[in-house]
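The values are calculated or read from the model by the stated rules, or taken from the named source; none is laboratory data. These numbers were taken from a predicted model, which means no experiment stands behind them. Positions of Cβ are backbone-derived with ideal geometry, glycine not excepted, and every protein chain shown enters the neighbour counts. For accessibility, only protein heavy atoms count, side chains too; no ligands or nucleic acids. Shrake-Rupley method; radii C 1.70, N 1.55, O 1.52, S 1.80 Å.
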Amino acid sequence: MIDFLASHLADVVGYIASICMVLGYLPQTVRTIRTRSTDDIALGTFLLMGLGGLFFLIQGLLLSNWPLFLCNLLTTCMSSIIFGIKMHNDYFKRKAK
C-alpha cells in the first residue's frame, strides 16, 4: 500500500513539475516569437537548456516516464525556437556590421 501511494505521489509531483516547467518557458517563447527580440537572451543558456531537455526527453522515453518525456518534449521545442531565432538575429546583426 505504501509503495502504491508513493508511486502515485511521484506521478503527481512529476506532472506538477512538468506543468511548471512548460509554463515557465512559455512566456519567453511567446515574447520571442512576437517581438523577434533576442538581445537580452544568453545564447549558451538556451543551447544548454535545449540539450538538457533533449537528454531528459530521451531518459523519460527510456524509462516510460511520461511526465518527464512530455515536459521535456515541450521545453526542448520551446528552447529550440528561441535558440533558432537568437542564431538568426545574431547572424544578421554580424552581417550588417
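Structure notes:
- Within the stretch 45-66, the set of residues being crowded, with 18+ Cβ neighbours inside 10 Å and over 13 Å from the mean Cα position of the chain (by Cα) comprises just one member, Gly60.
- Residues in the stretch 22-44 that are open to solvent by 70 Å² or more (accessible area, probe 1.4 Å), part of a helix (DSSP H, G or I) and of a type outside the set (A, V, I, L, M): Pro27, Arg31, Arg34, Thr35.
- Inspection of the stretch 58-67 identifies no residue that is under 18 Å from Ile82 (Cα atoms), modelled with pLDDT of 90 or more and in a helix (DSSP H, G or I).
- Residues (out of contact with any Phe, Trp or Tyr (no Cβ under 8 Å at 6 or more places or on another chain) and under 13 Å from Met21 (Cα atoms)) located in the stretch 77-97: Cys77
- Where a residue in the stretch 61-76 is closer than 15 Å to Asp11 by Cα and its partner, wherever it lies, is of a type in the set (S, T, N, Q) and open to solvent by 40 Å² or more (accessible area, probe 1.4 Å), with Cβ under 7 Å and at least six apart: Leu68/Gln59
- Here is the figure for the stretch 70-97: residues that are open to solvent by 40 Å² or more (accessible area, probe 1.4 Å) and of a type outside the set (S, T, N, Q) total 15.
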